[in-house]
Amino acid sequence: MRVSYSPGYVAPLPAGHIFPMKKFSGLHDYLIAKNIIQPTQVFEPKMVDFVNLSTVHTQRYCSAVWAGELSRKEIRRMGLPWSKELAVRSRLAVQGTINAGIMALQDGIAGNLAGGTHHAMPDYGEGFCVYNDVAVAIRVLKQAKWVNRVLVIDCDVHQGNGTAKIFENDFDVFTFSIHGEKNYPFIKPPSDLDIGLPDGTGDLEYLNTLSDALDRIFSNFNPDIVYYLAGIDPLETDHFGRLSLTKKGLEERDRIVIETVTQKEIPLVLLLSGGYAPTLNETIEAHAIMYKTAVEISAPYFH
């Protein structure tokens, strides 16, 4: 299984910042060390072109991020301090998701060892999301006629407000978000299907709800490609999650999504999205579950 990754995915943050920036390089190293991904399967993206970025984001915003001209209010809303390294990593990660989509169309399944930045809006970033990589990747592939109908399965604990808003009038893109109802964002633009779960929801209720939702979606919508935002923040140990999934439940969640899509022979793109486990190592290990599961499920297809 091929994946996108660049050492440039890691940008400096102030000491004590809650966002686990080093998880990107840590996940890459972990997957290689555990023999889940081979070094020859890792492909380094270049920075996304502004012409592709502007299929979703305004020219003003793209320029402001690149030139360091965001207002203090915009930086505060984004949740990440501006640096040139952050501007570079944001463009690298978007191209990583574009590339993962192309690789998935060729191979059946592929991933980006970043991505899933679903809170970013056309003219501003928020919730640790600078650009909406999923939205840009979808627009680029649709414009190139590589795909027509696209499904976004967003299992991050926070509703994918940016993605929902961007595609609210595009009936060829189906956005599905299963999230904590009382969690951020507090204003949730409607996805095509939103399932808001109460605080403390555990494995059984979560997994049954997810399975039923996927059955409903695929009975009415036949996508050319699926983007899976596999946030690990539904874990009971997450700083911000407020749901109560165990690691076993998280693994079963990933298995349900990946098996459902691959058995239908629909290309699948794997993305990290959020996760704020108590330690960096726990965050990395939880993100690795999806890739380990994907390799196990897709092994028969790759010889």
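All of the numbers you see were taken from the coordinates with simple rules; none came from a lab. These numbers were taken from a predicted model, which means no experiment stands behind them. Here Cβ is always computed from backbone atoms with ideal geometry, including for glycine, and neighbour counts include all displayed protein chains.
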Considering only the chain, what is the antiparallel percent among its DSSP beta bridges, to the nearest 5?
-> 5 percent
Stretch gain in nm, segment ASN222-ILE187, where the contour uses 0.36 nm per residue and the Cα spacing is subtracted = 9.7 nm
As straight-line cross-link partners of LYS248, the qualifying lysines (C-alpha separation under 18 Å, not fewer than 8 residues apart within one chain) are LYS292
Gyration tensor (alpha-carbon) shape descriptor, the stretch 2-50, a/c threshold 1.5 | oblate
Among the lysines, select those whose C-alpha is under 25 Å from the C-alpha of LYS73, and discard any that sit fewer than 8 residues away in the same chain.
-> LYS84, LYS165, LYS182, LYS188
Exposure rule at most 12 other beta-carbon atoms within 10 Å, DSSP loop GluC sites (Glu not before Pro): the chain longest free segment | 70-264
Rough spin-label spacing in nm, given labels placed 7 Å along Cα→Cβ, for GLN143 and THR209 = 3.7 nm
If amide H atoms are built 1.01 Å from N in the plane of the peptide, which residues on other chains or at least 5 residues away come under 5 Å of the amide H of VAL173?
-> VAL150
In whole Hz, the Karplus estimates of ³J(HN,Hα) for the stretch 277-286 (6.51, -1.76, 1.60; θ = phi - 60°; x where Gly or Pro) are 5, x, 10, 4, 4, 5, 4, 4, 4, 5
Charge context of ASN52, other residues only, Cβ under 14 angstrom, K/R +1, D/E -1 | +2
Loop-exposed chymotrypsin sites (Phe, Trp or Tyr not before Pro) per DSSP, neighbour cap 12 Cβ within 10 angstrom, longest uninterrupted part of the chain = 1-170
Which distance in nm do the two modelled labels at GLU168 and LEU105 give, with both placed 7 Å along the Cα-to-Cβ direction?
-> 2.9 nm
Would you work out if the stretch 117-171 is rounded, prolate or oblate? Take a ≥ b ≥ c from the square roots of the eigenvalues of the alpha-carbon gyration tensor; rounded if a/c is under 1.5, else prolate when a/b is larger than b/c, oblate otherwise.
-> prolate
Straight-distance crosslink candidates among aspartates and glutamates, where the alpha carbon sits under 14 Å from LYS34 and sequence neighbours closer than 8 are dropped | GLU285, GLU296
For ALA15 paired with ARG77, estimate the spin-label separation in nm (one decimal), with each label point 7 Å from Cα along the Cα-to-Cβ line.
-> 3.2 nm
Among (1) 38; (2) 55; (3) 48, find the value of percent of Cα pairs over 26 Å apart that was calculated from the structure presented, and write down its label.
-> (1)
Taking only DSSP H segments of four or more residues, each worth -39500 (n - 2.57), what value at 222 nm results for the chain once the sum is divided by all its residues, to the nearest 500 deg cm²/dmol?
-> -13000 deg cm²/dmol
Would you work out the relative contact order for the chain, in percent, from Cα pairs under 8 angstrom that are 6 or more residues apart?
-> 19 percent
